[in-house]
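Everything below concerns the one structure shown next.
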Amino acid sequence: MLNKKKNILFTLFLLSVPWCVQAGTALHNPLEGSASDFPTLIGGVIRGMLGVVGAVALIMIVIGGITWMTSSGNADRVRRGKDTLVWAVIGLTAIFLSYAVVNFIFDAVVRGGSGS
């Protein structure tokens, strides 16, 4: 029991070390360099949402793979795992394409197509 308590305290100590190290650093201003106009703000929000949806698609790929690998020969679970993988890859492809379209439209409309 004492050994378990020591392990827990040691783990908590190791987890608290990064906070102690960063205690002397200056605070970063989160608003510095933020969007100054509405279209730039909307573009950032859309890109952020696409990033979150992309992360969800990657999680679904992992879930589909785990379902398939733990199916133990059960045909229904194998089919569900394959379907999850296929639809997650289709979704990820759609996300990549929509990200490219959003960047293209954002560059054309907001920046006037100057490319800079």
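No value in this document is a laboratory result; all are computed from the given coordinates. Note that the structure is predicted; figures quoted are calculated from it, not measured. Cβ atoms come from the backbone with ideal geometry, glycine included; neighbour counts cover every protein chain shown.
Remarks
- Local charge for GLY43 was computed over the other residues whose Cβ lies under 12 Å away, with Lys and Arg +1 and Asp and Glu -1, and equals 0.
- The residues packed around ALA88, meaning those with a beta-carbon under 13 Å from its beta-carbon, carry a net charge of +1 if Lys and Arg are +1 and Asp and Glu are -1.
- Two-site FRET efficiency, SER98 against MET69, from Cβ-Cβ distance with R₀ of 25 Å, rounded to 0.05: 0.25
- Full-stretch length increase - LYS4, MET49 - with 0.36 nm per residue and alpha-carbon distance subtracted: 11.9 nm
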